[in-house]
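Remarks on the structure that follows.
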C-alpha cells in the first residue's frame, strides 16, 4: 500500500474496511434486485422463466391499476359533492360551447357571449320545467282517479273472478297496508328530513355547477393548459392534444344525445297523447331525461309509460304504447345514433352497460349519467395518444402555441371542432385544413457549403475527394 492509500485509509476507515453487516445487507439487496429483474447472468439460480417473469410483470401492473382505481373511488367517496358538479359543468360546457363560440366569432365579447348563452339556456330550461310541472299538477287528479278505479277493478276481479279470493282477505290486506304506514311514521318523517337535506345539497350543487360552467366556457383552454403543466415536457403536447380530441368527442356526444333524447320524447309523447294517456307531457319529459343514460334510461322510462297506459287505458292501449316505444328505440339505435354520433363516439354495448352499472353503483343516477360521456372521452383521448405515438412524430412542440383568440379549445374558428363527425386527432388532423406539424416537418432547404458545391450535373459531395478516389489526383508524384 502506498503512502496516499494508507493516509486515505487512516482518514476514512469505513472506506478501507467496510462493515461486514453493511456488505451483507448490500449483497442481499443486489440479489433481490437481480432476482426480481432477472438481470443476474452469473448465477443460474437467479434466472426466471420468461413465462413467470411475464406473469409477474402483468400481475404487478394490474395491481397498480386496481390500486389507482381504488384510490379514485375513495376520492369520490370523500369529495363526491365537489366532483359531481365538476362533471356536470364539463357536460354543460360541452353543450353550450358551440353557441358561445358562434357569438364570439360574430364579434361579441367572450364574457358577454357566456352570459347571454347561460341566461338563454336557463330561461328555456325554467320555462320547460314550469310548463311540465303545470301539466303534472293538472293531470294528477285524473291519474289518481283512474288508478283508484283500476285498483278497485282488480280487487273485484280477484274476488269474483277465477281465483275467488274472499272479500275479508282483501280487506285484511288493505288494513295491513294502513298499519304498516302508521307503524313506520317515524321513518317517513326521517325520510322527509333526509329529502329536505338532499334538496339543499341539490341546490348547492346546482349553484356550484353554474359557477364552474361560467369559467369553463370563458377560459376552458387556459384551465386545461394549466392542468397539463404537471405532465413532463416531452409528453405535454401529446396529452394536451389528446384532451382537445376527447373534448371534441364530448361535444359531439352531448349534441347527439340531446337530439336523440328530443326525438324520443317527441315520438313517445305524441303517441301517448294520441292514446289519451294522462300525464303524457310529464312522461315525455321523463323519457327526455332518461335518454341521457343510454339503453337503461330509455328502457326504464318507456316501461313506466307503458305501465301507466295499462293502468289508465287498458291492455289495448298498453300494447299500442309498447309498439310505439319499441319503434322509437329502433329508430334511435339504427338511424339516429350512427348518423349523429359517428365512428368516433360509437361504443360497444357491453362497455356502455358495464360503465352505466359501475356509475350507478358508485354515484347513483348521476354516476350513470356521467359514465358513458367519461368512457367516450377517455376512449378518444387514448386513441389520439396511440395515433401520436404510432406516427412517430418527433416534431411535436414541447409547449404548443396559444390557440386562436376565436376559439377556447385550440381549433380554428371558421371550422369548429363540433362540426366534425370523427374526433380530431384520431381520424384526421387536430386542426381542419392541414396538419398541425406540417410547418415543423417541412424543413427549409439547407444552404450548400462552398466545399460541397459541384459542377452542374455532379453529385453533391463530389469534387476533389471523388477525384482523388478515382486515382486522378493532381498532386505531383515521385514519378513526376
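The values are calculated or read from the model by the stated rules, or taken from the named source; none is laboratory data. Just so we're clear, the structure is a prediction, and the values are computed from it rather than from any experiment. Please note: Cβ atoms are built from the backbone with ideal geometry, for glycine as well, and neighbour counts cover all protein chains shown.
For the range 281-305, the set of residues classified as surrounded by fewer than 23 Cβ atoms within 10 Å (Cβ to Cβ), free of Cβ contacts under 8 Å to residues at least 60 places away in the same chain and closer than 21 Å to residue 146 by Cα consists of 286, 303, 304, listed by residue number. If the requirement is being modelled with pLDDT of 90 or more and either more than 28 Å from residue 217 (Cβ to Cβ) or part of a helix (DSSP H, G or I) (or both), which of these qualifies: 99, 75, 145? Step by step, each of 99, 75, 145 is checked, and only 99 is modelled with pLDDT of 90 or more and either more than 28 Å from residue 217 (Cβ to Cβ) or part of a helix (DSSP H, G or I) (or both). Here 230, 203 are screened, and the one residue that is out of contact with any helix residue (DSSP H, G or I) (no Cβ under 8 Å at 6 or more places or on another chain) and under 16 Å from residue 366 (Cβ atoms) is 203. The lone criterion from (1) free of Cβ contacts under 8 Å to residues at least 40 places away in the same chain; (2) more than 26 Å from the chain's Cα centre (by Cα); (3) surrounded by 12 or more Cβ atoms within 10 Å (Cβ to Cβ) left unmet by residue 124 is number (3). Comparison of 257, 209 shows that the only residue that is more than 30 Å from residue 389 (Cβ to Cβ) and within 17 Å of the chain's Cα centre (by Cα) is 257.
Selection of the range 263-279 for residues being touching a residue at least 40 places away in the same chain (Cβ under 8 Å) and within 19 Å of residue 297 (Cβ to Cβ) yields 263, 264, 267, 268, 271, 272, 279.
The one condition from (1) under 33 Å from the mean Cα position of the chain (by Cα); (2) surrounded by fewer than 18 Cβ atoms within 10 Å (Cβ to Cβ); (3) outside any helix (DSSP H, G or I) that residue 276 does not meet is (1).
Being at pLDDT 75 or above and touching a helix residue (DSSP H, G or I) at 6+ places or on another chain (Cβ under 6 Å) is the requirement here; does residue 209 meet it? Here the answer is yes, as residue 209 does meet what is asked.
The set of residues in the range 130-169 being surrounded by 14 or more Cβ atoms within 10 Å (Cβ to Cβ) and over 26 Å from residue 278 (Cα atoms) consists of 159, 165.
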